[in-house]
Amino acid sequence: MAQSSEKRKRQDVDGGGLGDPEVSDSHPLAGFRLQAVLKESARDKVIFLHGKVDGDSQEPQDTVVILERVPFQADAVSGLLSQRPPVTLQLKNDIYSVYHLTPPPALNEIKTTVICPATEKHIKKYLRQDLFLIHETGEDYKAVTLPFIEAQSFSIQWVYNILEKKAEADRIEYENPDPEHGFILIPDFKWNQKQVEDLYLIAICHPRGIKSLRDLTSDHLPLLRNILIEGQDAILKRYGFHGNKLRIYLHYQPSYYHLHVHFTALGHDAPGISVERAHLLHDVIQNIESDPRYYQIRTLTYALRADEALLAKFREVGKC
Ligand code: M7G
């Protein structure tokens, strides 16, 4: 059955995809009522909002909306200035002047990410909060973290939709279809693909059940090497971006427990590249080569937000 483009767009954004509650064919933010500003950054020109949106016949649904100014595209900018757009003088002093320029609508877009219905975990994920560092030993992982991950129900349906080509199929950049050692490379939904300065793709592995870095052993080296080598190759062919210009890493802890690898432009300060979260794929491969049980044994350090349930679990056992 043909889908409306609006509905398709929404499925593409949150990966809700097939089997999810029906979504209104009208505006995705119809009747949006702001509940809270979760976080904002003047530097990054981004604001995270929690609101309620009217579903078709359902209760108003919790919704997270991320509004973000898109980066400039160098080729569009020179044309913009030569077309003498409206400008308002704000300040003039000697050789210095500041104007406000009103660009045409096509150059004034706001990237809008909608998560609807948003869970409590989505809302907390974007809420600015105090952070606490955890030094998780291999034993802590088994006793505290693993039972926590297994008990939680944060859906990774969007991942399966990509792997099964039920969503974003037309966005796949590269695939190695091997069920054990293969993966799909796809633009991350943080990237609008209009400029390579903030290039961001993710490689999602085909095998299921590899939750995170902690599960990796020498059995996974062929998969990891494929992601590293073939991922770089595909990005070079498509975007002319060399591997030495890419930051290729895994998150620990990730938000979604199905193994995936982030590929971002080295010059881009992508969220989540801090030393306590990003693990370079090169290093991960070397660590496993030198000790196949490296990620089962080593202490891994990461930060948790004040109200995260996992932090409470560590506090219960006196570890934080
Ligand atoms: P993560 O390390 O699990 O967590 O990465 P993070 O979101 O805290 O970084 C998951 C990655 O998948 C992130 O970079 C997300 O932007 C990206 N992502 C999340 N969703 C729900 C989608 C989606 O539906 N489509 C695509 N293409 N990327 C997504």
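The values are calculated or read from the model by the stated rules, or taken from the named source; none is laboratory data. What you are looking at is a predicted structure, and each value in this text was computed from that prediction instead of being measured. Cβ coordinates were reconstructed from backbone atoms using ideal geometry, including for glycine residues, and neighbour counts include every protein chain displayed. All accessible areas refer to the heavy atoms of the entire protein, side chains included, with ligands and DNA or RNA removed. Shrake-Rupley method; radii C 1.70, N 1.55, O 1.52, S 1.80 Å.
With respect to the conditions (1) more than 24 Å from Leu304 (Cα to Cα); (2) at pLDDT 95 or above; (3) surrounded by fewer than 19 Cβ atoms within 10 Å (Cβ to Cβ); (4) more than 16 Å from the ligand (Cβ to nearest atom), Gln195 falls short on a single one, namely (2). When residues in segment 133-151 are screened for being within 14 Å of Ile297 (Cβ to Cβ) and either hydroxyl-bearing (Ser, Thr, Tyr) or open to solvent by less than 70 Å² (accessible area, probe 1.4 Å) (or both), 5 of them pass. The residue pairs whose first member lies in segment 149-162 and is over 12 Å from Ile204 (Cα atoms), whose second member is in a helix (DSSP H, G or I) and open to solvent by 30 Å² or more (accessible area, probe 1.4 Å), and whose beta carbons are closer than 9 Å, counting only pairs six or more residues apart or on different chains, are Gln152/Lys121; Gln152/Ala309; Phe154/Lys121. Residues in segment 128-183 that are among the acidic types (Asp, Glu) and not in a loop (DSSP other than H, G, I, E, B): 6 in all.
Scoring Glu230 on the criteria (1) in contact (Cβ under 8 Å) with a residue 60 or more places away in the chain; (2) over 15 Å from the mean Cα position of the chain (by Cα) leaves a single failure, condition (1). Considering Asn161, Asn176, the condition of being away from the ligand (no atom under 15 Å from the Cβ), modelled with pLDDT of 95 or more, buried (at least 16 other Cβ atoms within 10 Å of the Cβ) and within 30 Å of Gly240 (Cβ to Cβ) is satisfied by Asn176 alone.
One residue stands out among those in segment 114-132 that are hydrophobic (A, V, I, L, M, F, W, C) and out of contact with any Cys (no Cβ under 8 Å at 6 or more places or on another chain): the one that is surrounded by the fewest Cβ atoms within 10 Å (Cβ to Cβ), which is Leu131.
Does Val275 satisfy the criteria of being away from the ligand (no atom under 14 Å from the Cβ) and within 19 Å of the chain's Cα centre (by Cα)? It is true that Val275 is away from the ligand (no atom under 14 Å from the Cβ) and within 19 Å of the chain's Cα centre (by Cα). Taking segment 59-113 as the search range and keeping residues that are in a helix (DSSP H, G or I) and touching a strand residue (DSSP E or B) at 6+ places or on another chain (Cβ under 9 Å), which one is most open to solvent (accessible area, probe 1.4 Å)? Restricting to residues being in a helix (DSSP H, G or I) and touching a strand residue (DSSP E or B) at 6+ places or on another chain (Cβ under 9 Å), the top hit is Leu81.
Taking segment 275-303 as the region of interest, how many residues are farther than 18 Å from Lys142 by Cβ and free of Cβ contacts under 8 Å to residues at least 24 places away in the same chain? Residues flagged as farther than 18 Å from Lys142 by Cβ and free of Cβ contacts under 8 Å to residues at least 24 places away in the same chain within segment 275-303 amount to 5.
The residues of segment 257-271 that are modelled with pLDDT of 95 or more and within 15 Å of the ligand (Cβ to nearest atom), listed by number, are Tyr257, His258, Leu259, His260, Val261, His262, Phe263, Thr264, Ala265.
Would you point out the residue of segment 40-58, among those that are of a type in the set (Lys, Arg) and on the phi < 0 side of the Ramachandran plot, that is surrounded by the most Cβ atoms within 10 Å (Cβ to Cβ)? Per the stated criteria, the residue is Lys52.
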